[in-house]
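The values are calculated or read from the model by the stated rules, or taken from the named source; none is laboratory data. Being a predicted model, the structure only gives us computed values, none of them experimental. No Cβ is skipped: glycine too gets one built from the backbone with ideal geometry, and neighbour counts run over all protein chains shown. Ligands, DNA and RNA are stripped out before the accessible areas are found, and what is left, the full protein with its side chains, is counted by its heavy atoms. Shrake-Rupley method; radii C 1.70, N 1.55, O 1.52, S 1.80 Å.
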Amino acid sequence: MARRGAGTPFLLQLSLLLLLCPGGTLGCASVAVGSPVVPLGSAVTATCTIQSELCHGLERGKVRISWMLDNKPVAGSQRRGPGGTEVSNLTLPRLNRTQARLWCCVEWNGTKQRVGMAEIRAGYPPAKPLNLSCVLNLGDYGLTCQWKPGADSHLPTSVTLKCAGSRAQAVTGCTPQGGHSHCTVPRRLLQLYREMEIWVSVTNALGTAESEHLYIDPMDVAKLDPPTLQSIQSIPFQTDCVALAWDAAQGTEHMELQCELRYRAPEDPAWSLVTGIVGRAGTAQRCGFLFGTQYHFQMRCRRSSASAYWSEWSPGRNYTTHEKAPTGKLDTWWGAQPARAGGQLEVELRWKAPQRYEANGRVLGYHITLSPRRRGRDPPTVCNTTHTQCNFSVPMGTRRVYVSVYNAAGESAATEVVLLERKGQPLAGLRAVPRDNSSLRVHWEAPLAPVAAYVLEWQLVTSEPGHCSACWQMERDGAATTALIQYGIEPFQRYNISLYPLYKDAVGMPIHTTAYSQQKAPSHAPKLHLRRISKSEAELCWEPLPVEMQNGFITSYTIFWGNSIADMASATVNPSLSSFVIQGLKPSTLYKVHIMASTVAGGTNGTSLTLVTTALDDTEIQFLFLTLGLVFLLLILLLICFQKNERMKEQLWPSVPDPANSSLGKWVPA
């Protein structure tokens, strides 16, 4: 009995092995599905047929069939089929998986065993490819086409590029490899200089989709190699014009070409484009270039066809045009005051560098003289500098100086600077508002008198005095009431702004304002100091924040104080003040105090200050000391009086006779 019991598990395992072996499975169960590929989200039907006599170990037991979709049980119906078979039908109303395995299982010895399987795939019909375009490579004359694939169908898909000649049947031009969306049709399948029909065909188990058909002559979509710029030079007697010599790429001998030229200087924001250049080789002329300026030139070509592709831009070539003497007038601004040594006037003269179209080359320097330059005579120079600012002394009473700019080609006409007195009518209503983090918009009210121009100055406010010689600009429109400052403006920095009106014969008195382009909370709060304290009051003081740490206009200071028992109290202080008295404190109590400095953008707390109130006020302490002093003084006076008054002394300290000196002492026997 023991040996039979020990052999039973072995027999069960052997029967299970025979049931699951490939031969037994193929012979005893079959799974059929309505379609192995279905649209995603559609119904799926399947049938599982079990032949019990072929499944080892199931002949004597009742067959119970169940289903599993991957690892998830699904319910089906079971019936007896012809020839002693057991048949189970399954209908899945909606398949939401792109790929699944449908298992047919039987229950044997209390466990489910998989005896049949069918793979099901679900997806969509192929989507239409978009944006088909082709380019002919003149190196090997292969036609490379690319397109944008449609949405993923989730099914195995075959993609081919079809092409057909005018009299030929459609053939497969090429098949993309590795999942790419481009391929190349070889030369042997192309008909050059004839129209061909080209399209993309996409096929899967649910259907076929085609792109839009292209009808092109392959030569019309040829992409040429870029041309070559041979030389660039200025045209004599017209130094603002240049001539360019160029050659087309090889392989274009029998083509009509259309070319374009583009150029730009390093400071230009965009390219300038020259169109309509035809021919295979030759020269192109262009005028309107700035003098003494380096330009970068490039060129490209294509076949003279509306659908032809442009070549890549040629390698760039640089060329610098000829210089000539600077032109135009300089914007100038000055300040003047009597020198300490009599008879001289100290002048600070500033000017703006000429624009590129006025400099006509690289500026080498500036001359300042006391009279204009005339033929055959050079006036004495009071300043020769490469900067845009110069300080010099002139005789008292000098009303005019002259400044000119020069480069390697010559010197400009002198700009006359009239040193007008600053006595004109001032402006009103100057204000500045931020436009962005690096610029300020300035507004003012126009004066009643006519104005020729305005000069706008701005200086960074710092703890240590500084001066920016370039921080000014001239507004030549006398009717203007607004200007934009864009140079040298940084966020969280304070600027002093001054506006001067320039009249015909005088300079108006300036008007001033201050502004920030952006504000934030202060970098630090002031440090509190205790000036005095009593039993109910404490006077605090602080040093104003350095302007570099304010980061904006201080709108207020807030003082916070509190002890360990009471809630925190606070008071807001005007930013013009630097002290505050806290009242209503309790005697002999410890308090913690701190200050917060605020701008419109936020506040910053300072470190805490600890203080202890006194038990008595100063007056009370003075009264106490006065009272004690009076008492002490009274006691001293009393002592003095006692010492001087013998009668009072006898009353308070009577004389006591010495017994040794009494008569009775003398009676004692020896």
Could you work out, for segment 420-474, what percent of all Cα-Cα pairs fall into each 5 Å distance bin, beginning at 0 Å and stopping at the bin that holds the largest distance? 4, 12, 20, 24, 21, 13, 6, 1
dims of segment 332-418, Cα set, principal axes, largest to smallest, nearest Å -> 42, 28, 18
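May I ask for the Kirkwood hydrodynamic radius of segment 130-220, worked out over all distinct Cα pairs and given in angstroms to one decimal?
Roughly 13.5 Å, rounded to one decimal.
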Whole-Hz Karplus ³J(HN,Hα) for segment 66-75, in order, using 6.51 cos²θ - 1.76 cosθ + 1.60 and θ = phi - 60°, x for Gly and Pro? 9, 10, 9, 9, 6, 10, 10, x, 10, 9
Let's test the formula: R0 of 60 Å, r as the Cβ-Cβ distance of Leu638 and Leu590. What FRET efficiency results, to the nearest 0.05? 0.85
Kirkwood Rh over alpha-carbon pairs of segment 415-535 plugged into Stokes-Einstein at 25 °C, 0.890 mPa s gives a D in µm²/s of 151
Whole-percent carbon and sulfur contribution to the accessible surface of the chain (1.4 Å, no ligands, DNA or RNA) stands at 54
Residue-wise, which Karplus ³J(HN,Hα) couplings in Hz belong to segment 275-287, taking 6.51 cos²θ - 1.76 cosθ + 1.60, θ = phi - 60°, and x for glycine or proline? 10, x, 8, 10, x, 8, 7, x, 10, 10, 10, 8, 10
Shape parameters for segment 224-320, alpha-carbon atoms, Rg then Dmax in Å: 13.5, 41
Just how far, in whole angstrom, is segment 131-148 from segment 543-612 if you go by their alpha carbon centroids? 76
Output ordering of 435-442, 491-498 (per-residue mean of other Cβ within 10 Å, highest first) is 491-498, 435-442
Cα pair distances of segment 301-354 binned at 10 Å [whole percent]: 16, 17, 16, 15, 14, 9, 7, 6, 1
The ³J(HN,Hα) series, computed from each phi in segment 241-251 with the Karplus coefficients 6.51, -1.76 and 1.60 at θ = phi - 60°, rounded to the nearest Hz and given as x for glycine or proline, is 10, 10, 10, 10, 9, 8, 10, 6, 6, 5, x
Report, in degrees rounded to the nearest 10, the 0 to 90 angle that the Cα long axis of helix 2-20 makes with the longest principal axis of the chain. 80
Nitroxide proxy distance, nm - points 7 Å out along Cα→Cβ at Ala446 and Thr283: 5.3
Report, in degrees rounded to the nearest 10, the 0 to 90 angle that the Cα long axis of helix 618-644 makes with the longest principal axis of the chain. 30
Would you kindly calculate the translational diffusion coefficient of segment 29-123, applying Stokes-Einstein with the Kirkwood radius from alpha carbon pairs, for 25 °C and a viscosity of 0.890 mPa s, and quote it in µm² s⁻¹ without decimals? 180
On the first, second and third principal axes, largest extent first, how far apart are the outermost C-alpha atoms of segment 528-612 in Å? 39, 23, 18
[x] 0.99; [y] 1.26; [z] 1.33, with the label sought being that of the calculated Rg/Rh (Cα atoms, Kirkwood Rh): [z]
Summing +1 per Lys or Arg and -1 per Asp or Glu among the other residues with Cβ less than 15 Å from Cys383's Cβ gives -1
Given segment 253-411, what whole percent of its Cα pairs are spread farther than 26 Å? 50
Return one whole number: the accessible area per residue of segment 224-320 in Å², for a 1.4 Å probe. 53
q = 0.16, 0.25, 0.30 Å⁻¹, segment 187-242: log10 I(q)/I(0) [Debye, one scatterer per Cα]: -0.72, -1.02, -1.13
